[in-house]
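Beneath this line is the structure, given in structure tokens, with notes to follow.
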Ligand code: SIN
């Protein structure tokens, strides 16, 4: 029997498959159609200090092999997430979860991290410094090594849980930012978030998305994500969670060979709600086919 277990900062996951933040809510809808306890973990929708209604509609644009979203960090806010969503989530999912947090100031990241630090089910805090859909927050902190490091230091100072920084691909040198986060104390990195994109409705002569631009995701971005996971994982000594266009078990293996210790599945959940389940079921068969006994053995195997 093959071994699909992986470890992230001392946390052992039954398998590396984790639904990505913002594509799985808090698991409720998916728990109605399959037992979500098969998942390695869940990264739940990004939390901000205050509730957010998100960006104006339309905020989704279809693309060949992908989609653009400009959700704008819609979420019920820190208090409701801690007092309601996480309580309900604990009833349907029994493993440690990943708390994705966002902010418009260092103080907001700190406030969210402090609250998540107190949540027993949170195993990892994933700090989103890469949302392309809001102004003066999110990605603003993730495009420079100095500001990414500043957020990392501030969050690390208020939590004893492992802190993973979620990086943007919309930068010139993702390796420099990754290294700055590592030096500032990050326990791991998540990459990549979406690529800034745009579509135009040629009949209306206007952008499809009300906010004009948004984050491009889906199978089309897999090669970019694999390249960045490869470059970053070779340059740092902390675990990398790979994501970006993953929709099959083959993609999971590819990400791990590039250097990912675990893998998040995002847009695929929106196309096929059974995507993560199917990947988890396919993984052992594919491992046998490829002669892989222990999944952890292939992490970063590509020179
Ligand atoms: C959003 O809520 O706009 C998407 C989150 C992200 O891309 O980080």
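Counting only residues that are touching a strand residue (DSSP E or B) at 6+ places or on another chain (Cβ under 8 Å), within 16 Å of the ligand (Cβ to nearest atom) and not in a loop (DSSP other than H, G, I, E, B), which one in region 92-116 is farthest from residue 31 (Cα to Cα)?
109
Just for region 117-132: of the residues that are farther than 16 Å from residue 153 by Cα and modelled with pLDDT of 95 or more, which one is farthest from the ligand (Cβ to nearest atom)?
Looking at residues that are farther than 16 Å from residue 153 by Cα and modelled with pLDDT of 95 or more, I get 120.
Would you say residue 61 is within 16 Å of the ligand (Cβ to nearest atom), surrounded by 19 or more Cβ atoms within 10 Å (Cβ to Cβ) and within 26 Å of residue 197 (Cα to Cα)?
yes
Say we look at region 151-176 and pick out the residues that are within 19 Å of residue 122 (Cα to Cα) and assigned to a loop (DSSP other than H, G, I, E, B); which of these is farthest from the ligand (Cβ to nearest atom)?
Restricting to residues being within 19 Å of residue 122 (Cα to Cα) and assigned to a loop (DSSP other than H, G, I, E, B), the top hit is 160.
Here are 185, 242: which of them is crowded, with 23+ Cβ neighbours inside 10 Å, away from the ligand (no atom under 14 Å from the Cβ), modelled with pLDDT of 95 or more and within 21 Å of residue 11 (Cβ to Cβ)?
The match here is 242.
Count, please, the residues in region 120-152 that happen to be in contact with a helix residue (DSSP H, G or I) (Cβ under 7 Å, 6 or more places away or on another chain), surrounded by fewer than 18 Cβ atoms within 10 Å (Cβ to Cβ) and under 20 Å from residue 80 (Cβ atoms).
1
Just to check your reading of the model, which residue among 87, 158 is in contact with a helix residue (DSSP H, G or I) (Cβ under 6 Å, 6 or more places away or on another chain), more than 19 Å from residue 73 (Cβ to Cβ) and surrounded by fewer than 19 Cβ atoms within 10 Å (Cβ to Cβ)?
Being in contact with a helix residue (DSSP H, G or I) (Cβ under 6 Å, 6 or more places away or on another chain), more than 19 Å from residue 73 (Cβ to Cβ) and surrounded by fewer than 19 Cβ atoms within 10 Å (Cβ to Cβ) holds for just one of 87, 158, which is 158.
Is one or more of the residues making up region 30-49 in a loop (DSSP other than H, G, I, E, B), away from the ligand (no atom under 16 Å from the Cβ), farther than 23 Å from residue 190 by Cβ and in contact with a helix residue (DSSP H, G or I) (Cβ under 8 Å, 6 or more places away or on another chain)?
Looking through region 30-49, at least one residue is in a loop (DSSP other than H, G, I, E, B), away from the ligand (no atom under 16 Å from the Cβ), farther than 23 Å from residue 190 by Cβ and in contact with a helix residue (DSSP H, G or I) (Cβ under 8 Å, 6 or more places away or on another chain).
The values are calculated or read from the model by the stated rules, or taken from the named source; none is laboratory data. Keep in mind that this is a model prediction, so the values were computed, not measured. When we count neighbours, we look across all protein chains shown, and the Cβ atoms used for this are built from the backbone with ideal geometry, even at glycine.
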